[in-house]
Structure formats: structure tokens, C-alpha cells
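Novice: Got a structure for you, questions after.
The values are calculated or read from the model by the stated rules, or taken from the named source; none is laboratory data. No experiment lies behind these values; they were computed from the predicted model shown. Counting neighbours? That spans all protein chains shown, and the Cβs are built from the backbone with ideal geometry, glycine included. Heads up: the accessible areas ignore ligands, DNA and RNA and are worked out on the full protein's heavy atoms, side chains in. Shrake-Rupley method; radii C 1.70, N 1.55, O 1.52, S 1.80 Å.
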Amino acid sequence: MKVKNYIVAFLSVFISCNTIAQIEGVADKFNEDFWVKTPVLSELTEEEQKSNAVYIADVNITTYEYGSFLNPYTGGWIDDKLMEENLHYVRVRLNNDKAIESFNKVYISNSNERKITNLRARAITKEGKIIEFDDSNKKEIENYENYGPFTIFALEGIEVGSEIEYTYSTREPSSSYYFSENVQSTYPKRKYHYEIVSPEALVFKMKSYNGLAELTQDTSYLKDELNRYVISLDEVKKFKEEDYSLGDALKQRIEIKLFANAKKRNFYSWTEAATKYSRKFYSGNNEKELLKETKAIKKLVKEQKWEKIDNQRDQIVAIEHYVKGEFKRDDIGVYYIHECIKSKIYSSKNATRLFALIFDYLNISHDIVITSDRYNKTFDEDFETYGFIDGFLMYFPKYNQFMSPSNDFMRFGLISSNYAYNTGLFLKRVKAGGVSSAYPEIKKIGGTSSDVNFDNLTADIEFTEDFEKLKAHLKHEASGYSSVYLRPRMPYLTEEKRLEELEERLKSIAEDAEITNITSQNEEMVGYLLEKPYIFEGDAELSSLIEKAGNKYLFKMGMVIGRQVEMYQDTSRQFDVENSYNHGYKRVLNITIPEGYQITNLEDLNMDVFSKNGDKKTMEFTCVYEVNDNVLTVTCNEYYNEIRIPLARYEEFRSVINAAADFNKITLVFEKK
């Protein structure tokens, strides 16, 4: 079958991202003379000139066909092999040095026996001169930065204001049948075109996200026993990331999967995933190896006396601490876990199986959960594809809590926040007649609240004579995500490095602070850590927060809690707010007022800024005070217990964030009575 290339006119109708079926229609043919003999510079709009770079054209045409393939390992030809051909065409305007740095090389992977043909590249200078590049600009790298073989084409001599243009084709055995096509990037695109052409028996399903139009299925190709799926746009706006948002998951993209061939329908379904991964984590084809696994697990359980622990939660905690504390990590993992038990070496590839089989042996009820990184792709239960399979968790229904088998920093009750507050595929196991299987259940993956994730501060503050210096005892109590990347590291640091780390955190009060008498509690990774906050404290002495103004002394009290995030932006917000995790802070500042002095602006301390979801407060920053004898106690409570805040309530969220920043600006005025 002769490979053909096609392109389609701009689609003006946008379809909801909830639609999975493609739009049926007819698409125009592609102009094969896209590589014109004498190209000229494009005229940019005023808005395009503000961007580092502009894609004048971004084209990718994928064609599947059956053909012959020379096996490089056997030297023999394989007939009737499904092959994948890709045509790439890119043209980019370079508006500054950053753009030149980004586009001065073309990287093409040669993995999967990929063959590259028709590689051409040229530049159009700002004066209109055409510079042709040839094979002298090309390098073949066997293993580029451990990513495998690459062809690298250097575009030398390009300048600001020029355009680069390149095209190439690839041909390889088809190997991936579920993937993403990222449409939106940090640069705007004028012409974007993507299409797939396949034999009629190969049926693909696609779904567009974040306001992107759905692909058109070109029905005119059915008469030639072909499927053709096309999207072509005259404009793709550049992606502008915002703080407190879902980041890359908000970019316009297409999820694509092979849905059917001549023999089977509904590839990569949730049911298929449940069966596949249940077998991967609990079964095996080698009975001899399975027996060795069982024997090794039985021996390990007996040695560690896990059977003698009465409470199941304590069993889970003890097993996790032992494996993550005693086993070393390696990138290469064996399938059957008796070998990693013997060597005490495991990896992310077998961590889930290791824990699953131990829990299974001890009859600890659990589900394996499959999900995505919500900042990359938010899990979509309505479009069944393995493209959403990014991470594996364990769920314990008895406690309604999760565990991350392959994350050494996390412990029972806490998982990576990128996987939490998401949706996932729960593998529900059933046993019948000695045979184990699993069925899929889509459920929410919960997350922890500010009652668990907090960084609380108590500061006892006094001043030396004549306000020359401030002395403070600082005590931090950190739990959940606020301690997860600190506490687990402590046992592995030297005493010098440990003190340096804690000193740096205590110096959040001020850079000139001299920190002494550092102590800590609950550093050991034992027990249920969500009930044991990590505590570290020390004494600070500094002068930078005190100023003299005439006969008054000014104390920058608001800076004691550390510099806070400010969100004073001029541009309008695009996206909903997405918090990384629910969290809170309680700060108690006990300030001894020197004898003979008074504070004249205590009313500045009263703050109460909050946001409600319905009738419930979900975010708040409050500050209250009281004076007992000569001690001023200032108590600030700040918490965020809502992960997703709709755009309509963005200003409420921003007001709470900015309240903490406004607290930073509070300066207490001390005057003699």
C-alpha cells in the first residue's frame, strides 16, 4: 500500500472534552509541496513578537500499514508486520536568544529500530537569506544521556529574527498503541496539524482535553479501506502556567489508543488493566519461583515476628518501616521477590509486588490502586487507556488509608500529593476455586487535611537592654507533608549536616540570626508517624528585625513567621486553583514587653480573612492577641482545607494567601509609658 499524506482545513467547531467518539466528516488533501523552493520570512502580529518563539507550522502525520521488516537480531525478514511511518514538519520564528538556545538542535530518537529518511533543514535569516544545512551538521550518538541512540542535527549560525524549518520521516515497527499528542506548548502556533491513517481494521479512539477540538474521522477514506483521523488548527495559543494550578495537565492535548483490530475490541480497558496488574503483583508463570517466594516470605515474617503483632495497622507500619529502612534501592528489579528479600535490594519495579505478597500472606486486606500524576494528567475514568497509568498505591479499607510502596519518604497514611486528591482504578480481588482474579472499581483517592499536614511554630521572644538584640526560642512541630522530606533524611545525615539542615530552617526568622542549642524529637522512623510530629527547636539571636525611630523602637514582628507568598498580580486569572495538599499553620508568638514600655498599635494585630465552600469555612487566616502582665501573646491560625477552588472564588483564595503576606508587614511600635 502506498503511503499518502493528507492535511485538513481549520476546524471551527469545538466539541466538549467529554465526547469520546470522533466527528465524522470529510477533510481536504494535504499539499505535498510544503517545502517551497524560496521561502520568505513570515510577518508576525504584535502579540507574536512578544513571544520568545512562534511555531509557524507544526505538522505530524502518522501512517500505519502492514509491510516487511528486517529483524536486526536474526537477520531475517518478517512479513506482514505492522509498521508506523511519521512525517514531521516544523517551522519556527526565533525572536530572542532564549529561542535560539531552545531550537539550535533537532533531536530525533533512533530507538525501536527507527529509520530516519528525508531529513532536511534550513534557516531564513532576517535579511531573507536562505541557509541550507547538510549531513555535516548531523551526528549519530549511540547513547545520548542514557536515553538511547539519537540523531542530532545542529542548526549553526542562526540569529535572532530568523526562522528555522526542518522536516524528516521515520519508519519503525509499531510498538505503542496508547499515547498522548501534546498540542499546546509555551510557544504559540499558527498552523497545527495532526493525523493518523490506518488500515480499516485498525480502529483508534481519541479524546481531546482542555477545550481542544475533537479529531475528525474522514469518512471519504472508508471506500479505500482506510481510517483517517485529523485535527488541523489555524491557531494554538501559548500555554501560560499559573501558580496554584494543575500545570501541564491543563495543556491542550489528545489521548489516543488503539480500540480494535480484526480480532479484538476495546483494548486497554479498565477490566483488562485489572486482570493484567493483578497477575503482575500476585501471580506468575513459574511454579518453582512462586514456591521460593512463598518460602522466603514465610521466613521473613517469622524472623521479624510480624505475626505476633496484634493490631493490623501496627503490622502494616512495621512491615513498611522495615522494608524501606533496611532494603537498598536499585533501578533494576527482579520479578520474583525472593531474590530481593535475600539480597535486601528492591526497586520501584517490584516494590508493589513485595508488599502485596507480604500483606497477602498475613491476610491484611488491601487493594492495589492505579492512578496518574494529577499535575501531568488528571485521571479520566471515562476514557479507558493505559496512558493514565503512572503510579501504584495500596489502599487499606479497614483504615481508609493509603500507602505508597515505592516512595521511601512516605509512610502509611501519606502518599505523594501528586497522586492524592485524585481518582484511581482500584483492583478488587476475588477468589473462587483457588483461582484469584480482580475486577476494576473507579473510586476517589482521598487526601489528608490540615489536622495532619501542619507546621506549627511557637516563639518565645524577649529583647536585650535598649533593644539592641532580639532573643527567641523557636519550636517547630511539623507533621504530614510538612515533615515528609525532612524527617526521613535525618537518620542518614552526619551530625554536622543534620544541624546545618535544622539551622537553615530555624533561620527562616531572619538571615542574620545566630542559631544555638538545636535539639529535635521523633526523628526515628518508627511507629505511626502521623501521630508523632517531628519537633525541632533552637535559640536565635538577631538584630535585623529591630529599628530605632526617634524615641520609639520598631519590631518587625510579622517576619518572625518567615517570608510568606504574595499574590498581588495584575493579569487576570485563567484557571481554577489547585492546592498541592491541605495544610495548616499555627503560630504562637509570646513577646515579653520590656519594663517601662508599651505597644501602641496592638489593634493592627486583629485579622480575620476566610473563604467558605457553602456554609463551611475551608480557608482562613486569623490573628488574635492578648496581654497578660508584660507578655503579649499573638496567635495566628492559617489553614487550607480545599484542594480545588473554582475560578469564581479565586479572589477569596488570594485574599487568604495575601493575608499571611500582609501579616509579614506588621511592625509593632514600642514607646516608653
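Novice: Can you find a residue that is aromatic (Phe, Trp, Tyr) and open to solvent by less than 20 Å² (accessible area, probe 1.4 Å) anywhere in region 429-442?
Specialist: No, region 429-442 contains no residue that is aromatic (Phe, Trp, Tyr) and open to solvent by less than 20 Å² (accessible area, probe 1.4 Å).
Novice: While we're looking at this one, here's another question. Consider residue 181 against the criteria (1) open to solvent by less than 20 Å² (accessible area, probe 1.4 Å); (2) under 29 Å from residue 390 (Cβ atoms); (3) modelled with pLDDT of 95 or more; (4) not basic (Lys, Arg): it satisfies all of them except one. Which criterion is unmet?
Specialist: The single condition residue 181 does not satisfy is (1).
Novice: Is it true that residue 653 is in contact with a Gly (Cβ under 8 Å, 6 or more places away or on another chain), in contact (Cβ under 8 Å) with a residue 12 or more places away in the chain, of a type in the set (A, V, I, L, M, F, W, C) and not in a strand (DSSP E or B)?
Specialist: Answer is no for this residue.
Novice: Return the residues of region 267-306 that are outside any helix (DSSP H, G or I) and surrounded by 14 or more Cβ atoms within 10 Å (Cβ to Cβ); say none if nothing qualifies. Write out each step before concluding.
Specialist: From region 267-306, those outside any helix (DSSP H, G or I) are 267-269, 283-286, 305; that's our starting set.
Within region 267-306, 267, 268, 269, 284 qualify.
Novice: While we're here: Taking the condition of being within 23 Å of residue 562 (Cα to Cα), over 26 Å from the mean Cα position of the chain (by Cα) and open to solvent by 30 Å² or more (accessible area, probe 1.4 Å), how many residues in region 628-654 meet it?
Specialist: Residues that pass the stated criteria total 3.
Novice: For the subset of region 375-421 comprising residues that are part of a strand (DSSP E or B) and among the aromatic types (Phe, Trp, Tyr), which member is nearest to residue 266 (Cα to Cα)?
Specialist: 392
Novice: In addition: Only residues that are outside any helix (DSSP H, G or I) and open to solvent by 20 Å² or more (accessible area, probe 1.4 Å): list them for region 477-507, please.
Specialist: Residues satisfying the conditions are 477, 485, 493, 494.
Novice: Out of everything in region 368-390 that is in contact with a strand residue (DSSP E or B) (Cβ under 6 Å, 6 or more places away or on another chain) and not aliphatic (A, V, I, L, M), what residue ends up being nearest to residue 354 (Cα to Cα)?
Specialist: By that ranking, first place goes to 371.
Novice: Which residues, taken from region 30-52, are open to solvent by 50 Å² or more (accessible area, probe 1.4 Å), of a type in the set (A, V, I, L, M) and without any contact (Cβ under 8 Å) to a residue 60 or more places away in the chain?
Specialist: Passing the criteria: only 36.
Novice: Now for a different question. Looking for whichever is modelled with pLDDT of 95 or more, part of a strand (DSSP E or B), more than 19 Å from residue 462 (Cβ to Cβ) and not basic (Lys, Arg) here; the options are 604, 608. Which one fits?
Specialist: Values: 604 fails: part of a strand (DSSP E or B).
None of the other options fit; the residue is 608.
Novice: Now for a different question. I'd like to verify a number: residues in region 106-127 that are open to solvent by 20 Å² or more (accessible area, probe 1.4 Å), over 30 Å from residue 70 (Cα atoms) and out of contact with any Ser or Thr (no Cβ under 7 Å at 6 or more places or on another chain), how many?
Specialist: 1
Novice: Output the residues belonging to region 138-154 that are at positive phi and open to solvent by 60 Å² or more (accessible area, probe 1.4 Å).
Specialist: 145, 146
Novice: Starting from residues that are open to solvent by 40 Å² or more (accessible area, probe 1.4 Å) and not in a loop (DSSP other than H, G, I, E, B), keep the ones in region 521-546 and report whichever is nearest to residue 583 (Cα to Cα).
Specialist: Quick first cut of region 521-546, residues open to solvent by 40 Å² or more (accessible area, probe 1.4 Å) only: 521-522, 524, 526, 531-532, 539, 541, 543-544.
Subsequent filtering for residues that are not in a loop (DSSP other than H, G, I, E, B) retains 521, 531, 539, 541.
Working: 521: 21, 531: 16, 539: 26, 541: 29 Å.
Among those that are open to solvent by 40 Å² or more (accessible area, probe 1.4 Å) and not in a loop (DSSP other than H, G, I, E, B), it is 531.
Novice: Sticking with this one: Kindly indicate which of 66, 73 is at pLDDT below 95, among the aromatic types (Phe, Trp, Tyr), in a strand (DSSP E or B) and open to solvent by 50 Å² or more (accessible area, probe 1.4 Å).
Specialist: Answer to the check: 66.
Novice: May I ask you to say which residue of 283, 269 is at pLDDT 95 or above and either within 35 Å of the chain's Cα centre (by Cα) or within 30 Å of residue 195 (Cβ to Cβ) (or both)?
Specialist: Exactly one of 283, 269 is at pLDDT 95 or above and either within 35 Å of the chain's Cα centre (by Cα) or within 30 Å of residue 195 (Cβ to Cβ) (or both), namely 269.
Novice: Going by what's in this entry, would residue 418 be described as open to solvent by 40 Å² or more (accessible area, probe 1.4 Å) and on the phi > 0 side of the Ramachandran plot?
Specialist: Judged against the criteria, residue 418 is not a match.
Novice: Can we say residue 411 is in contact (Cβ under 8 Å) with a residue 24 or more places away in the chain and open to solvent by 40 Å² or more (accessible area, probe 1.4 Å)?
Specialist: In short, no.
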